[in-house]
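Colleague: The structure under discussion is supplied below as structure tokens; questions concerning it will follow.
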Amino acid sequence: MVTEPSRPSCEAMSRNRPCLSAQRWSPRAFDADKPVSPAQVLALLEAARWAPSCNGDEPWRYIVWDKTRDPAAWQKAFDCLAEGNQAWVKNTPLLIAAGATSRFRHNGKDNRWAQYDTGAASVSICLQAVALGLAAHQMGGFDAQKL
Ligand SMILES: Cc1cc2nc3c(=O)[nH]c(=O)nc-3n(C[C@H](O)[C@H](O)[C@H](O)COP(=O)(O)O)c2cc1C
């Protein structure tokens, strides 16, 4: 008999510290009436800032579009998304683009870990979202040239 693998219970992983990884998932339904506050945005970006990186280079760069603060800018970012994503992203209050620099700051040499580090920082954002009672859904379906 084949059974679905169950997600590890938070309690099993740690009694005192809830396991954020097991609570994280990628929803496709968002509440248009619930904005993300500036303090929450800051907490999300802080989570990325504390992520580990090769040589402490912190190669990640994030652009944030907040629908509440600047709907026109949010719309421009939204227009770069694949159609399939637009269908469910329309109600999200916040869009964040992740990018990575390609060279180390201290010597200008190629940083081949930059994308790895940026992925780690982005997961930190997703986990921080869980900790804040929010949800994040990562997307590769967008037109990077248009953005
Ligand atoms: C790099 C990357 C790109 C993704 N691109 C999309 C996307 O374009 N559209 C989408 O709906 N989900 C996208 N996802 C979300 C995945 O489909 C989702 O994480 C996966 O199905 C696992 O589900 P879970 O996050 O709920 O555990 C992407 C995830 C990652 C990490």
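Colleague: Would you mind telling me which numbered condition in (1) at pLDDT 95 or above; (2) in contact with a Cys (Cβ under 8 Å, 6 or more places away or on another chain); (3) of a type outside the set (Ser, Thr, Tyr) Asn85 fails?
Modeller: Against the list (1) at pLDDT 95 or above; (2) in contact with a Cys (Cβ under 8 Å, 6 or more places away or on another chain); (3) of a type outside the set (Ser, Thr, Tyr), Asn85 comes up short only on (2).
Colleague: A further question on this structure: Just to be sure before I move on: is Ala98 more than 11 Å from the chain's Cα centre (by Cα) and either within 16 Å of the ligand (Cβ to nearest atom) or within 19 Å of Leu44 (Cβ to Cβ) (or both) in the structure I sent?
Modeller: no
Colleague: Another one. Evaluate the following for Gln138: is it assigned to a helix (DSSP H, G or I) and within 15 Å of the ligand (Cβ to nearest atom)?
Modeller: Answer is no for this residue.
Colleague: Hey, any hits in region 90-100 for a residue that's of a type in the set (D, E, K, R) and in contact with a Phe, Trp or Tyr (Cβ under 8 Å, 6 or more places away or on another chain)?
Modeller: Within region 90-100 (the criterion being of a type in the set (D, E, K, R) and in contact with a Phe, Trp or Tyr (Cβ under 8 Å, 6 or more places away or on another chain)), the answer is yes, since at least one residue qualifies.
Colleague: Would you call Leu94 out of contact with any strand residue (DSSP E or B) (no Cβ under 9 Å at 6 or more places or on another chain), among the aliphatic types (A, V, I, L, M), at pLDDT 95 or above and within 20 Å of Ala32 (Cα to Cα)?
Modeller: Spelling it out, it is not the case that Leu94 is out of contact with any strand residue (DSSP E or B) (no Cβ under 9 Å at 6 or more places or on another chain), among the aliphatic types (A, V, I, L, M), at pLDDT 95 or above and within 20 Å of Ala32 (Cα to Cα).
Colleague: So is Lys109 free of Cβ contacts under 8 Å to residues at least 60 places away in the same chain, surrounded by fewer than 19 Cβ atoms within 10 Å (Cβ to Cβ) and under 17 Å from Leu147 (Cβ atoms) or not?
Modeller: Here the answer is no, as Lys109 does not meet what is asked.
The values are calculated or read from the model by the stated rules, or taken from the named source; none is laboratory data. These figures come from a predicted structure and were not determined experimentally. As a convention, Cβ positions derive from the backbone with ideal geometry for all residues, glycine included, and neighbour counts pool all protein chains shown.
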